[in-house]
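To keep things clear, I will list the structure first and then write my remarks on it.
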């Protein structure tokens with residue numbers, strides 16, 4: 001790839017991380033009652049999203065929906081089979097049991113995400129059910145879930161809807 005492409009992807013990664021970091025900072029500011037700081041963190045997070053999306057687009061990484069679904073499947077499968085298992089093993093070898101358990105949970109969820117993408121890839125334009133996201137582990141349920149999250153056990157009523 002070109003130096004320009006590499007720069008755009010480096011900038012995309014940095015802006016994406018800044019977005020998530022600033023949202024975490026905003027949540028902490030909210031907890032501490034620092035309303036103006038929380039607002040600024042959320043505004044900056046939105047600005048970083050604008051930057052990230054434009055960098056990603058300028059790098060010509062947004063393709064057709066069919067191609068984007070295949071890229072998403074590949075990414076989720078990599079996380080589920082390549083990335084997270086090694087991280088779990090590292091955390092276990094370092095005695096970080098809680099982190100190992102958490103990373104294992106995320107690993108399982110990434111595999112579920114891959115299957116959801118594969119399902120949609122069969123007919124990307126089909127109308128279907130809403131998705132419900134677990135606020136603890138990121139599990140996604142197609143359609144309303146009864147009972148508890150099958151990955152982390154949080155009550156289904158805590159899930160939020162994504163349409």
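The values are calculated or read from the model by the stated rules, or taken from the named source; none is laboratory data. Everything quoted here is computed from the prediction, not taken from an experiment. FYI the Cβ positions are ideal-geometry reconstructions off the backbone, even for glycines, and counts take in every protein chain you see.
Figure legend. Inter-residue proximity from the stretch 8-31: first residues in contact (Cβ under 8 Å) with a residue 40 or more places away in the chain, second residues not in a helix (DSSP H, G or I), beta-carbon distance below 6 Å, spacing 6+ or different chains. Indicated pairs: 8/59; 9/59. Applying the criterion of being touching a helix residue (DSSP H, G or I) at 6+ places or on another chain (Cβ under 8 Å) and within 22 Å of residue 120 (Cβ to Cβ) to the residues of the stretch 142-163, the residue that is surrounded by the most Cβ atoms within 10 Å (Cβ to Cβ) is 149. Note on the stretch 19-46: residues that are closer than 20 Å to residue 8 by Cα and surrounded by 14 or more Cβ atoms within 10 Å (Cβ to Cβ) amount to 4.
Name the one entry in 112, 50 that is part of a helix (DSSP H, G or I), over 30 Å from residue 1 (Cβ atoms) and free of Cβ contacts under 8 Å to residues at least 40 places away in the same chain. Going through 112, 50 in turn, the sole match is 112. Criterion applied to 118, 148 was being assigned by TED's automatic domain parsing to the domain that holds residue 89 and modelled with pLDDT of 95 or more, and the one residue passing it is 118.
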